[in-house]
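What follows is a set of notes on a single structure, which appears directly below.
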Amino acid sequence: MAEHVPNAEHPAYPVGLRLAGRRVVVIGGGQVAQRRLPALVAAGADVTLISPSATPSVEAMAESGEITWTRRRYEDGDIADAWYALVATSDADANARASAEAERTKTWCVRSDDADAATAWTPATGRSDGVTVAVLTGRDPRRSAAVRDAIVEGLRDGTLAAPHHRSRAPFVALVGGGPGDPDLITVRGRRLLAEADVVIADRLGPRDLLDELPPHVEVIDAAKIPYGRFMAQEAINNALIEHAKAGKAVVRLKGGDPYVFGRGMEEAQALAEAGIPYTVVPGISSSISVPSAAGIPVTHRGVAHEFTVVSGHVAPDDPRSLVDWKSLARLRGTLVILMGVDKIGAIAEALIAHGKAPETPLALVQEGTTAAQRRVDATLATVAETVRAEDVRPPAVIVIGDVVAVGPRK
């Protein structure tokens, strides 16, 4: 039989190896092995490491039983019965002998010290939502890694659309879109949005992201769903169920976090009762992010060791209110109020009546994290008049406490 002579002009043939339960030999326990072993273990390979020493991380893998470690140098016959081999020692002679054995036994072999002498190359790999990306650019591993990173990042953040084309079970994602800036949605939320067939969006969600959706995606404004004989939330629940049962991938896009005054649990309960699978994607809550964007830390050393978030959508004297305003007035930390612009006068009066100092600083941050963001400062005593004079409108986050005076204004 003629001796095999590698031809550098021929491109590598890409293939995915299914190594579960199959013997893989790794020769050398240094940094290369440390990088490559986790993926081999994740693939279910039966890994044997041949090396007199190993890095602490590799040693820990052996101690936990993830790999079998033979503590000696390479010897002829070590690659016998292996499906795949990785040769990565600092001994050039040992690498050459192991590579020659792999050639004789027809075992695909990667060499970290000499790509030309190898029969296989390790691609730059990455994973996102069940997709494995593997990139080979010959002898330019940095370029391979750069291309891999660009593809994986695009898949993760939704800028590279790769929709499913096989039939899917009904599915709903309750996605927290963050405080308004489209860059503040989570990577997973953006990816699910890119895969959606139907998006039911809140007014306070990151609206700019809707312009990026493909033309076939149906966008439903949750504020304009016909109520009929149902309440608004019940109508939204029904819309989620109806579209999911039609086999659509449905995203319920909310502002902030689905479970922070977002009625996300009500939607989850309705979906569960209807037998519709769903997932919840947490979002950045406006209660923390909006003050931060306006230069206000909700906690600060020596100033506030706690912060409390409450809803201000009902006044303190309203029998529906579940907030203990008397207790809140006694707290020394920061008070963050959501949905309270039109009730802030009554809220300030209640806090002062229960002992909060009238001169306590306060800030209202309107349209936080968006291009229209503005901050208006006041005190508990002056906030009602300030809101009227400055025409502060929802949505706005209200921050009460000494942290308002910390640091420069933004």
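The values are calculated or read from the model by the stated rules, or taken from the named source; none is laboratory data. Just so you know, these numbers come straight off a predicted model, no measurement behind them. Reconstructed Cβ throughout: ideal geometry from the backbone, glycine too, with neighbour counts over all protein chains shown. Areas reflect the complete protein model, heavy atoms only, side chains present, ligands, DNA and RNA absent. Shrake-Rupley method; radii C 1.70, N 1.55, O 1.52, S 1.80 Å.
The modelled label-to-label distance for the pair Val314/Asp76, using points 7 Å beyond Cα in the direction of Cβ, is 8.6 nm. Fully extending the segment from Ala384 to Ala20 would add 124.3 nm, taking 0.36 nm per residue of separation and subtracting the current Cα-Cα distance.
Between Met339, Met61, Met265, find the one with the highest GNM mean-square fluctuation for the chain; connect C-alpha pairs within less than 10 Å. Most flexible of the set in this elastic network: Met61. Full extension of the chain between Ser327 and Asp140 yields a length gain of 60.9 nm, computed as 0.36 nm times the residue separation minus the alpha carbon distance.
Taking Gly275, Gly256, Gly264 as the candidate residues, the one with maximal mean-square fluctuation in a Gaussian network model of the chain, Cα springs under 10 Å, is Gly275.
Quick one: net charge around Pro361, please, counting Lys, Arg +1 and Asp, Glu -1 for every other residue with C-beta under 9 Å from its C-beta. Please list the in-between numbers first.
On the way: positive: none; negative: Glu359, Asp377, Asp402.
Taking every other residue near Pro361 into account, the sum is -3.
Please give the net charge around Arg332, taking every other residue with its beta carbon less than 13 angstrom from that of Arg332, where Lys and Arg add +1 and Asp and Glu add -1.
0
Using a probe of 1.4 angstrom, how much of the accessible area of region 303-410 is carbon and sulfur, in percent? Ligands and nucleic acids excluded, carbon and sulfur reach 54 percent.
Could you report the chain's accessible area per residue, 1.4 Å probe, as an integer in Å²?
54
Each of Lys248, Lys343 has its accessible area taken with a 1.4 Å probe; listed largest first, they run Lys248, Lys343. Placing unit charges on each Cβ (+1 for Lys and Arg, -1 for Asp and Glu) gives the chain a dipole about its Cα centre, and among Ile220, Gly30, Trp121 the Cα reaching farthest toward its positive end belongs to Ile220. Gain on full extension, evaluated as 0.36 nm per residue between Val303 and Glu212 minus their Cα-Cα distance, stands at 28.5 nm.
Across all directions of projection, what mean area in square nanometres is found for the Cα convex hull of region 180-278? Mind dumping the intermediate values first?
Working: hull surface 24.9 nm².
That works out to 6.2 nm².
Share of carbon and sulfur in the accessible area of region 1-131 stands at 51%, probe radius 1.4 Å.
With R₀ set to 25 Å, the beta-carbon distance separating Gln31 from Ala96 gives a calculated FRET efficiency near 0.80.
Simple rule: put +1 on each Lys or Arg Cβ and -1 on each Asp or Glu Cβ in region 305-410, find the dipole, and look at Thr382, His354, Ala329; the Cα lying farthest toward the positive end is Ala329. Around the Cα centre of the chain, unit charges on the Cβ atoms of Lys, Arg, Asp and Glu (plus for the first two, minus for the last two) sum to a dipole of about 340 debye. In order along region 302-308, the phi-based Karplus estimate (6.51 cos²θ - 1.76 cosθ + 1.60, θ = phi - 60°) of 3J(HN,Hα) comes to x, 10, 9, 9, 7, 9, 10 Hz; Gly and Pro are listed as x.
Among the GluC sites (Glu not before Pro) in region 1-90, those located in a DSSP loop and surrounded by at most 11 other Cβ atoms within 10 Å of their own Cβ are Glu3, Glu9.
Across Val172, Val147, Val47, mean-square fluctuation computed from a Gaussian network of the chain (C-alpha pairs under 10 Å connected) peaks at Val47.
For region 283-394, the spread of Cα positions along the three principal axes, ordered from largest to smallest, is 36, 33, 28 Å. With semi-axes defined as the square roots of five times the eigenvalues of the C-alpha gyration tensor, the equivalent ellipsoid of the chain measures 58, 27, 19 Å, largest first.
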